[in-house]
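Please read the structure below before turning to the comments.
The values are calculated or read from the model by the stated rules, or taken from the named source; none is laboratory data. Small disclaimer: the values here were computed from a predicted structure and weren't measured. Positions of Cβ are generated from backbone atoms using ideal geometry, with glycine treated the same way; all protein chains shown enter the neighbour counts. Just so you know, the surface numbers come from the protein's heavy atoms only, side chains and all, with ligands and any DNA or RNA stripped out. Shrake-Rupley method; radii C 1.70, N 1.55, O 1.52, S 1.80 Å.
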Amino acid sequence: MHRYDEATDELARAVFGYALDRVRMDPPPLDGTRSDRELAAAAGPTVTPHGIGGLAALRIFTDVLAPATLSQDHPRNLSFVPTAPTEAAVLFDLVVGASSIFGGSWLEGAGAVHAENEALRWLADLAGFPARSGGTFVSGGSAGNLSGLVTARHTARRLRAGPAPQRWTIAASGGVHSSVRAAALVMDVDVVAVPVDERGRLTGAALGARLDVLSPDERDGLFAVVATGGTTNVGVVDDLAGVAEVCGEWGLWFHVDAAYGGAALVAPSARWRFAGIERADSFVIDPHKWLFAPYDCAALLYRNPELALATHTQHAEYLDVLHDGQDGHASAHARGDPSEPPNPSDLAFHLTRRVRGLPFWFSLATHGTDAYRDAVETTLATARGAVRLVDRRPYLELVIEPELSVVVVRRLGWAPSDYHEWSRSLLARGIAFCAPTTLHGETVIRLCIVNPRTTPDDLALIFDSMA
Ligand SMILES: *Cc1c(COP(=O)(O)O)cnc(C)c1O
């Protein structure tokens with residue numbers, strides 16, 4: 001089965017043909033979900049002792065399986081956080097797949113890791129991070145938040161003089177992403193919830209006031225604060241400067257979860273909202289959300305990557321040649337030159353890693369950072385324009401003025417079931433995918449705009465369908 005023959009060549013053309021057709025589609029079909037039973041009946045058995053052949057498998061994918069997946073890059077797919085990879089990024093994903101690059105070590109992946117680091121440097125500079133900062137690409141914001149917080153706790157543990165606390169604890173707003181609570185569960189740490197302001201933001205004042213009334217045990221075990229650079233539900237940015245101030249006073253690790261919103265650092269019209277992110281100890285941005293990279297691609301950056309290396313480096317007999325300063329296979333960084341890049345594996349909770357930052361890098365290199373600025377500004381302008389579209393429709397009401405690219409709208413007179421029925425029907429008709437959300441217990445509609453191809457006309461179509 002490992003051979004390149006005529007049949008493989010035919011398969012290659014068919015696979016590239018499919019990929020090219022998909023990349024050319026503007027827009028792609030929205031498609032829809034099917035039940036497992038329907039899929040089993042339509043696809044038939046596919047994993048068999050003798051194989052069904054590549055062309056047959058590709059046909060099943062093309063005709064049955066792919067249409068049962070939603071196109072996340074459809075301009076009217078505005079649910080959750082969709083995606084809008086550039087053609088350049090998608091095409092380069094094929095190259096990454098073809099290249100069998102191990103992205104974990106400098107030894108094995110130097111050329112690719114160098115390029116990934118160029119892309120990370122751009123993000124670090126956008127945030128105002130120092131020259132010595134650095135990081136790696138992980139699978140998503142969830143993995144980034146976990147790895148950042150594990151580094152924070154390990155650092156606190158190392159710096160601590162007295163006995164270990166009863167419980168390790170982080171502080172975060174009630175609006176923090178579910179993945180932060182999931183990370184706390186994995187780490188078995190407690191979360192102190194800090195009340196948010198009327199817009200749903202964590203402020204330095206509220207954080208300080210909450211920390212002042214911690215129990216002695218909570219105070220003893222507190223090691224980090226998580227602020228959000230663009231909440232996923234409504235897209236508001238916490239008071240990062242105020243939170244940074246309190247973290248400084250209390251000697252706490254300051255982690256910024258900017259998985260969704262961090263892309264707006266590149267947009268002059270929104271950059272000011274992130275003032276204070278330059279004081280973070282670590283932050284996360286998902287290029288697979290709003291920076292036009294294919295799944296899965298999340299950037300995790302540390303102010304001081306040495307702290308992450310001290311936390312995440314895995315030691316094993318067969319791996320130690322990568323770290324041992326005596327050995328010829330160790331990177332220059334491992335041999336004591338901190339100006340050379342470390343092994344990406346050692347910066348997060350992972351070992352083997354795809355060089356998932358490369359499609360993002362290729363697209364950045366292709367188009368230039370100004371094009372990224374303009375594309376993010378386009379989505380921001382579309383979101384701001386939605387306010388006027390809502391104002392013109394008496395049956396709609398804006399729930400919160402958009403700060404970034406999430407638009408939250410109330411349909412006057414609708415019960416929750418009306419929202420759900422409307423949303424189902426739009427998807428079933430292949431028009432749009434707009435899942436409702438809840439805010440303070442109220443069901444509302446939430447549109448998350450990360451696709452520069454989403455136009456005001458798309459939004460008008462969606463709003464008109466609620467009349
Ligand atoms: C999406 C999101 C996450 C989780 O990121 P994944 O890439 O889905 O793992 C975390 N935090 C915020 C604010 C997000 O928007």
- prompt: If you check Y302 against the conditions, is it open to solvent by less than 10 Å² (accessible area, probe 1.4 Å), away from the ligand (no atom under 16 Å from the Cβ) and among the aromatic types (F, W, Y)?
  reply: yes
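Conditions (1) in contact with a helix residue (DSSP H, G or I) (Cβ under 9 Å, 6 or more places away or on another chain); (2) open to solvent by less than 60 Å² (accessible area, probe 1.4 Å); (3) away from the ligand (no atom under 16 Å from the Cβ), marked per residue:
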residue: D197; (1), (2), (3): yes, yes, yes
residue: G208; (1), (2), (3): yes, yes, yes
residue: S215; (1), (2), (3): no, yes, yes
residue: T228; (1), (2), (3): yes, yes, no
residue: T231; (1), (2), (3): yes, yes, no
residue: V237; (1), (2), (3): yes, yes, no
residue: L240; (1), (2), (3): yes, yes, no
residue: V243; (1), (2), (3): yes, yes, no
task: Tally the residues that are open to solvent by 40 Å² or more (accessible area, probe 1.4 Å) and assigned to a helix (DSSP H, G or I), restricting the search to region 383-404.
output: 3
message: If V407 meets every condition in (1) surrounded by fewer than 20 Cβ atoms within 10 Å (Cβ to Cβ); (2) in contact (Cβ under 8 Å) with a residue 12 or more places away in the chain apart from one, which number is that one?
response: (1)
task: Being among the basic types (K, R) and over 22 Å from K289 (Cα atoms) is the filter here, so list the residues in region 321-373 that pass it.
output: R335
query: Of all residues in region 255-299, how many are of a type in the set (S, T, Y), assigned to a loop (DSSP other than H, G, I, E, B) and crowded, with 24+ Cβ neighbours inside 10 Å?
result: 1
Single residue of R181, R201, R121 found to be closer than 18 Å to G262 by Cβ, within 14 Å of the ligand (Cβ to nearest atom) and without any contact (Cβ under 8 Å) to a residue 40 or more places away in the chain: R201
query: Among S105, S100, S71, which is modelled with pLDDT of 95 or more, touching a strand residue (DSSP E or B) at 6+ places or on another chain (Cβ under 7 Å) and among the polar types (S, T, N, Q)?
result: S71
message: Against the condition in contact (Cβ under 8 Å) with a residue 40 or more places away in the chain, closer than 16 Å to S345 by Cβ and of a type in the set (G, A, S), how does S142 come out, does it pass?
response: no
- prompt: Of the residues that sit in region 305-330 and are over 21 Å from R356 (Cα atoms) and among the hydroxyl-bearing types (S, T, Y), which one is surrounded by the fewest Cβ atoms within 10 Å (Cβ to Cβ)?
  reply: Y318
task: Mind counting the residues in region 74-97 that are more than 16 Å from the ligand (Cβ to nearest atom) and assigned to a loop (DSSP other than H, G, I, E, B)?
output: 4
query: Can you tell me how many residues in region 132-150 are away from the ligand (no atom under 14 Å from the Cβ) and farther than 21 Å from W168 by Cβ?
result: 5
task: Hey, can you tell me all the residues within region 7-32 that are surrounded by fewer than 11 Cβ atoms within 10 Å (Cβ to Cβ) and either hydroxyl-bearing (S, T, Y) or touching a residue at least 24 places away in the same chain (Cβ under 8 Å) (or both)?
output: D26
D212 being touching a residue at least 12 places away in the same chain (Cβ under 8 Å) and acidic (D, E): no
message: Checking A308 against (1) within 14 Å of the ligand (Cβ to nearest atom); (2) touching a Gly at 6+ places or on another chain (Cβ under 9 Å), only one condition comes out false. Which one?
response: (1)
query: Out of (1) among the hydrophobic types (A, V, I, L, M, F, W, C); (2) exposed (fewer than 15 other Cβ atoms within 10 Å of the Cβ); (3) assigned to a loop (DSSP other than H, G, I, E, B), what's the single condition that is false for I431?
result: (2)
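Quick check, is A41 under 25 Å from L427 (Cβ atoms), surrounded by fewer than 13 Cβ atoms within 10 Å (Cβ to Cβ) and outside the structural domain of A432 (by TED's automatic domain parsing)?
Against the criterion (under 25 Å from L427 (Cβ atoms), surrounded by fewer than 13 Cβ atoms within 10 Å (Cβ to Cβ) and outside the structural domain of A432 (by TED's automatic domain parsing)), A41 qualifies.
For R121, state whether it is farther than 30 Å from I462 by Cα and of a type in the set (D, E, K, R).
For R121, the condition - farther than 30 Å from I462 by Cα and of a type in the set (D, E, K, R) - is met.
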query: Is there a residue in region 159-178 that is within 16 Å of the ligand (Cβ to nearest atom) and more than 16 Å from L207 (Cβ to Cβ)?
result: yes
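Looking at this structure, is R76 farther than 23 Å from T8 by Cβ and buried (at least 16 other Cβ atoms within 10 Å of the Cβ)?
yes
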